[in-house]
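Here is the structure we will look at.
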Amino acid sequence: MTEIDPSRLQVVDHSLVQHKLTLMRSVDTPAPLFRQLLRETSMLLAYEALANLPTMPATVETPLGPAEGQQLKTDPALISILRAGNGLLDGFLDIVPSASVGFIGMYRDHETLEAIEYYTNIPQGLAGRVTIAVDPMLATAGTAIAAIEKLRHAGASDLRFVCLVAAPEGIARVHAADPHVRVITAAVDQGLNDVGYIVPGLGDAGDRIYGTQ
Ligand code: PRP
Ligand code: URA
């Protein structure tokens, strides 16, 4: 069995996350419901992934006088790995609407399982702010590693990768390539089948989200 370093991996075992994930795994869940469940789940994953954003003191006036509070020091950057990443992005934006958003378009070649890039638009100024890459599936990690390399090259310092389902092999490969990326996931599954799909997984996330099967 592949070893996983617990200090760099957070599995979100919240009851609602696990409930919704189980519904999403079901082959009987149609695309509209899948999308809705993914959006709801992404808000819960965002709550965990964004828990320790740097804040600074702020004072506001309530109707009864001044109140000392906190506000975000810098807005995070969210990077959606197209196309399935968009299924997670909207829930994140519901939670942190002031985030900057970038996109990395990549698909897996079905034969080689290599990530093929077709579009990139990454926000400026990633250094010194929390950068969160979102993609529901971390399988062989070819896509994640290519995206992480691009984000590091663009200056991302505090880099987190949020997914819904991960294969143990994929997590290990991400950390072998970049030991400082924090992986946040709702589940670590058994492993990969011989065509690189996560077992039991939920199938092809993009197809499940957009009804393209
Ligand atoms: C899926 C998924 C990840 C990738 C994971 O995308 O959303 O991006 O596969 O596989 P890997 O870890 O082995 O690289 P896909 O290539 O199906 O593209 P899509 O999002 O456009 O459907
Ligand atoms: N991509 C998916 O969408 N699902 C998998 O199981 C593996 C890669």
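When the stretch 192-213 is examined, which residues are found to be β-branched (V, I, T) and either within 11 Å of ligand 1 (Cβ to nearest atom) or touching a residue at least 40 places away in the same chain (Cβ under 8 Å) (or both)?
We begin by selecting, within the stretch 192-213, every residue β-branched (V, I, T); these are 195, 198-199, 209, 212.
Correct list: V195, I198, I209, T212.
Search the stretch 47-61 for residues being open to solvent by less than 60 Å² (accessible area, probe 1.4 Å) and over 17 Å from A166 (Cβ atoms), and hand back the single one that is farthest from the chain's Cα centre (by Cα). First the steps, then the outcome.
At the first step, the residues of the stretch 47-61 found to be open to solvent by less than 60 Å² (accessible area, probe 1.4 Å) are 48-50, 53-54, 58.
Restricting the remaining residues to those that are over 17 Å from A166 (Cβ atoms) gives 50, 53-54, 58.
Working: L50: 11, L53: 16, P54: 19, A58: 30 Å.
The residue in question is A58.
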Every listed condition ((1) surrounded by 15 or more Cβ atoms within 10 Å (Cβ to Cβ); (2) assigned to a strand (DSSP E or B); (3) within 14 Å of ligand 1 (Cβ to nearest atom)) holds for Y119 save (1)
Residues of the stretch 133-161 being closer than 19 Å to D207 by Cα and in a strand (DSSP E or B), in sequence order, are V134, M137, L138
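If I ask for residues that are part of a loop (DSSP other than H, G, I, E, B), open to solvent by 50 Å² or more (accessible area, probe 1.4 Å) and either over 18 Å from P136 (Cα atoms) or not charged (D, E, K, R) (or both), which ones from the stretch 90-116 would you list? Please lay out each step first, then the result.
First, pick out the residues of the stretch 90-116 that are part of a loop (DSSP other than H, G, I, E, B): 96-99, 109-114.
Of the ones still in play, those that are also open to solvent by 50 Å² or more (accessible area, probe 1.4 Å) are 97-98, 110-112, 114.
Listed by number, the residues that qualify are P97, S98, H110, E111, T112.
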Which listed residue is more than 16 Å from ligand 2 (Cβ to nearest atom) and either more than 15 Å from the chain's Cα centre (by Cα) or of a type in the set (D, E) (or both), from T112, T131, T120, T140
T120
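Does E68 satisfy the criteria of being more than 29 Å from P168 (Cβ to Cβ), of a type outside the set (S, T, N, Q) and free of Cβ contacts under 8 Å to residues at least 24 places away in the same chain?
Working: more than 29 Å from P168 (Cβ to Cβ): yes; of a type outside the set (S, T, N, Q): yes; free of Cβ contacts under 8 Å to residues at least 24 places away in the same chain: yes.
Yes, satisfied.
The values are calculated or read from the model by the stated rules, or taken from the named source; none is laboratory data. Remember, it's a predicted structure, so these values are computed and weren't measured experimentally. Positions of Cβ are backbone-derived with ideal geometry, glycine not excepted, and every protein chain shown enters the neighbour counts. Heavy atoms of the whole protein, side chains included, go into the accessibility calculation; ligands, DNA and RNA do not. Shrake-Rupley method; radii C 1.70, N 1.55, O 1.52, S 1.80 Å.
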